[in-house]
C-alpha cells in the first residue's frame, strides 16, 4: 500500500510541475490519471489476492489441525484397551497359560506323569517289599495330587513338588524284625531300621527332573517380568487416560461440539472452502476457532505420548514371547519318550505367527 501512495504522489508532483512550466492539454492529464487509477487497481487486486491467499492458508491449516485433533482424540482413549487386550482375546494367551501349567499336556507331557515315572525309575525299584512299594506309591500320589503343596511355591510348582518328594523319601525307611531265640524260645525281638533309598538314587531322581525345573523356571521368570512391566505401564496409563479425558473435554468445549455427529457440526462451523466460498478473515478472527486451533496444536504431543506407551507395551510383549520361544526350544531336548515335539513346534509357530502379525 505504501508503494501505491508513492506512485500517486509522484504522478501528481510531476503533473503539477509540468503544469507550472508548460501547460499540458487536459486530455493528457486525464490519460495519466486513468493510467494511474488502473495501476492502483491492479496493485490493489494483487494485494487482495495475496492477503486472501495468506488468509486461506491460515484457515486451511487451522481447519486441518482441528479436524485432525477431533479424529485422533476419539481414538486415543481406546488405544490402551486395544493394545493390552489384543493378546488376551486370542487363543495364544490360553496356550501360553497352558504351557506354564505343569498339569497341562499342551507340550506333549504332564508333570504328574513325568515325576511318577522318574520316581519309579530311580527310587521305587530299590524297594523289595510289595508292602513298601505300595506305601511309596501312595506317598508319591498324595504329594503330586496335593494342591496345597503345589501352591506352596507360586514361582515354580515343580520345584515345590520335587522338594516335597525328596524330603519324604529322605525319611522313608524300611524296618526289619528279627527274633532272638534261646533254643526254641524267643528271648528278644530286634527292630532294624534302614534308609530305603541311597543318596545316589535320590540325586539321580533330582537330576532327571532338573531340566523340567529349569524349563518352568524360565517360563515363570518371563511371566513375572511381563506382569511387573504391565503393572508399571498401568500406573502410567491411569495418568495418561486422565490426561486424554481432560484434553477431549477442553477441545470439545472450546468450539461447543459434542459427541453427537461431531464431524457434521465441525463441517458447519468450519466449512470446506473447496465447496463453499467463505470469508477467511471472519473465521480466522473468530475467538472460539482461535482457541480451538490453539488446543488442537497440542494433539501431536499427546498422541506421541500414547504411541510411546504402545511401543513400550509391544516391546514388553515381544520380550515375553521371545523368552517363551527360547524355553520351548530347550524343551525339545527333553527325553524323546517323554514329550511330543510336534506340539512344542506348533506352539512356537503360533507365537511366531502372532509376532509377525503385530509387526
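Residues that are in contact (Cβ under 8 Å) with a residue 40 or more places away in the chain and surrounded by 12 or more Cβ atoms within 10 Å (Cβ to Cβ) within segment 340-357 comprise 340, 341, 343, 344, 347, 350, 351, 354, listed in sequence order. On inspection, residue 337 qualifies as more than 24 Å from the chain's Cα centre (by Cα), assigned to a helix (DSSP H, G or I), loosely packed, with under 15 Cβ neighbours inside 10 Å and modelled with pLDDT under 85.
Every residue, every condition in (1) assigned to a helix (DSSP H, G or I); (2) over 31 Å from the mean Cα position of the chain (by Cα); (3) surrounded by 16 or more Cβ atoms within 10 Å (Cβ to Cβ); (4) without any contact (Cβ under 8 Å) to a residue 40 or more places away in the chain, yes or no:
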position	(1), (2), (3), (4)
231	yes, no, no, yes
236	yes, no, no, no
246	yes, no, no, yes
275	no, yes, no, yes
291	yes, yes, no, yes
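Against the list (1) crowded, with 17+ Cβ neighbours inside 10 Å; (2) at pLDDT below 80, the condition residue 215 fails is (2).
Please tell me if residue 66 is within 30 Å of residue 226 (Cα to Cα) and modelled with pLDDT of 60 or more. Considered against the rule, which asks whether it is within 30 Å of residue 226 (Cα to Cα) and modelled with pLDDT of 60 or more, residue 66 comes out as no. For residue 4, the test of being at pLDDT below 75, assigned to a helix (DSSP H, G or I) and surrounded by 11 or more Cβ atoms within 10 Å (Cβ to Cβ) is passed. Answer yes if at least one residue in segment 36-50 is part of a helix (DSSP H, G or I) and modelled with pLDDT of 80 or more, and no otherwise. For segment 36-50, residues part of a helix (DSSP H, G or I) and modelled with pLDDT of 80 or more: absent.
The values are calculated or read from the model by the stated rules, or taken from the named source; none is laboratory data. Computed from a prediction, not measured in an experiment: that's the story for all the values here. With ideal geometry, Cβ positions are generated from the backbone for all residues, glycine too; neighbour counts draw on all protein chains shown.
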